[in-house]
Amino acid sequence: MSNSAEATNVVSAAKPFGLQLGAVGYAIANLAVIQFGSFVVWRIFVDPQVGMFKFYPQPFGAYLFWAILAIVFIGFNCGMYGFSSLSQPIGGIVATVATLVIGFAVPMLLIFGYGALDPAFSAKGYAGHGAAGLIVLIGFYGFGVVANSMDGWPWTDAGLKQPMSGIAQLFTGFFLTFIGYIVLIYPNMASWTAPDRVMMSLPTAIGWFYSVITVWLTTVLILDLWPYSMFRTRAGRAMAAFFGNIILGTGLYFILLALLKNVLIPADAVAKIGPAINLWPAQLGVWIVNVLLFWALCCGNTPTTLGPAANRAARFVITWGVGIAAFVVYMKWFAVSVLHEAEIVPGFGGDPLTWVDLLNLVLLIFVVYFGSYGLVKKSS
């Protein structure tokens, strides 16, 4: 074999599998796969009018939310340990199967096991599905913030490596999630409580805590962990991030609530929603979070060539602007006309938490588990 032929074979073998795309094409292709995959799942399992099974909003929601939390366990706390050593698409398939097993097994144990003892988790009327799903609201932050904003502290400083670091993070996340759920969520559903005996109403707890999540992912995904990065030690950054997200999230909750009441939601819809309007920062926040994830994972977190402050400001304006615009398009057209969700008032309707978390699930599976298999971003 000639040297030129050998060189050709080496180049051919080294060439990654998939469609070779520039940065813009790569992002668009990822978006198309995520939207198409999510829509197929919606049409089969969820769509309340034409779906094959019509599992809307429950029991689909509980299993959907737990599948997302399973991705946090596998992909972030445990760093894909054991799965990353497998070639694609086998690694992605095995990780997805593990995620679906966890996503179904845990809520089923809670609902059909523990639910026999506690009416709050009973399968009757899908009450338990709601209670189990809300664990994920707290757990998404409780487990996720340990993995990224806190960089695995204190276990990383103790010298732990995977898989022990991941196991330690899971124990920490469980503790944080348990405390948050018992304090914020469970008293609103337990049979022994009353409205005047809870820290905050369930809609307020959901809306406020999702505002904390929105701040957390904004800082860690597009702001380079700023302002917490100003702390020099890992412990300082970890503690500043954990409590800073809560403080800033509280301020964001009131900002989003005012924006929703006075700008984004029609007055007649605000009146019809009533006190449940306090939940709606979560409905807007989940769209912002979806764009944050997509921008960081599929768009290279552009821009990256400006100064640090300018990079962060540009990313913030782009992602939050697109997230708010997506919320408006969804509520005023897509939810009712395409997904067949119910109107709240004429020309305005839908429940973003279900559809957008489905987008987030498909996005994380395709990008984190499969590495956007079949799509290759050309190096600049």
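The values are calculated or read from the model by the stated rules, or taken from the named source; none is laboratory data. All figures in this text were calculated on a predicted structure; none of them were measured in a lab. Heads up, the Cβs are rebuilt from the backbone with ideal geometry, glycines too, and the neighbour counts pull from every protein chain shown.
Quick look at the values:
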quantity	calculated
Positions within the stretch 113-150 being part of a helix (DSSP H, G or I), among the hydrophobic types (A, V, I, L, M, F, W, C) and free of Cβ contacts under 8 Å to residues at least 12 places away in the same chain, in sequence order	ALA116, PHE121
The one condition in (1) buried (at least 18 other Cβ atoms within 10 Å of the Cβ); (2) without any contact (Cβ under 8 Å) to a residue 60 or more places away in the chain; (3) assigned by TED's automatic domain parsing to the domain that holds GLY323 that ALA241 fails to fulfil	(2)
Number of positions in the stretch 31-46 that are crowded, with 17+ Cβ neighbours inside 10 Å and without any contact (Cβ under 8 Å) to a residue 24 or more places away in the chain	2
Among the residues listed as ALA98, ALA62, the single one being of a type outside the set (Phe, Trp, Tyr), part of a helix (DSSP H, G or I) and farther than 22 Å from ILE206 by Cβ	ALA98
Filtered residues of the stretch 323-357 (kept if farther than 28 Å from GLY22 by Cβ and within 14 Å of the chain's Cα centre (by Cα))	PRO352, LEU353, THR354, TRP355, ASP357
Cβ-Cβ under 6 Å pairs, at least 6 apart or on other chains, the stretch 80-102 side of a type in the set (Ser, Thr, Tyr), far side surrounded by fewer than 17 Cβ atoms within 10 Å (Cβ to Cβ)	TYR81/GLN162; TYR81/PRO163
Conditions (1) surrounded by fewer than 20 Cβ atoms within 10 Å (Cβ to Cβ); (2) more than 30 Å from SER379 (Cβ to Cβ); (3) charged (D, E, K, R); number of the one not met by ASP224	(2)
Residues of the stretch 47-94 satisfying the condition of being crowded, with 16+ Cβ neighbours inside 10 Å and β-branched (Val, Ile, Thr)	ILE68, ILE71, VAL72, ILE74
Selection count where residues are in contact (Cβ under 8 Å) with a residue 24 or more places away in the chain and either part of a loop (DSSP other than H, G, I, E, B) or under 24 Å from LEU134 (Cα atoms) (or both), scope the stretch 249-271	9
Which numbered condition GLY249 fails, given (1) in contact with a Gly (Cβ under 9 Å, 6 or more places away or on another chain); (2) within 20 Å of LEU221 (Cα to Cα)	(1)
Residues being within 16 Å of GLN35 (Cα to Cα), among the small types (Gly, Ala, Ser) and free of Cβ contacts under 8 Å to residues at least 24 places away in the same chain - total across the stretch 325-336	1
Single residue of LEU170, LEU110 found to be in the same structural domain as LEU64 (by TED's automatic domain parsing), in a helix (DSSP H, G or I) and over 26 Å from LEU202 (Cβ atoms)	LEU170
The lone exception for THR304 - which of (1) in contact with a Ser or Thr (Cβ under 8 Å, 6 or more places away or on another chain); (2) in a loop (DSSP other than H, G, I, E, B) it fails	(1)
Residue match in the stretch 337-345 (condition: buried (at least 21 other Cβ atoms within 10 Å of the Cβ), in contact with a Gly (Cβ under 9 Å, 6 or more places away or on another chain), part of a helix (DSSP H, G or I) and in contact (Cβ under 8 Å) with a residue 12 or more places away in the chain)	no
Filter pass, LEU284 being part of a helix (DSSP H, G or I), of a type outside the set (Phe, Trp, Tyr) and modelled with pLDDT of 95 or more	yes
Residue in the stretch 61-73 that is in contact with a His (Cβ under 9 Å, 6 or more places away or on another chain) and touching a residue at least 60 places away in the same chain (Cβ under 8 Å) present	yes
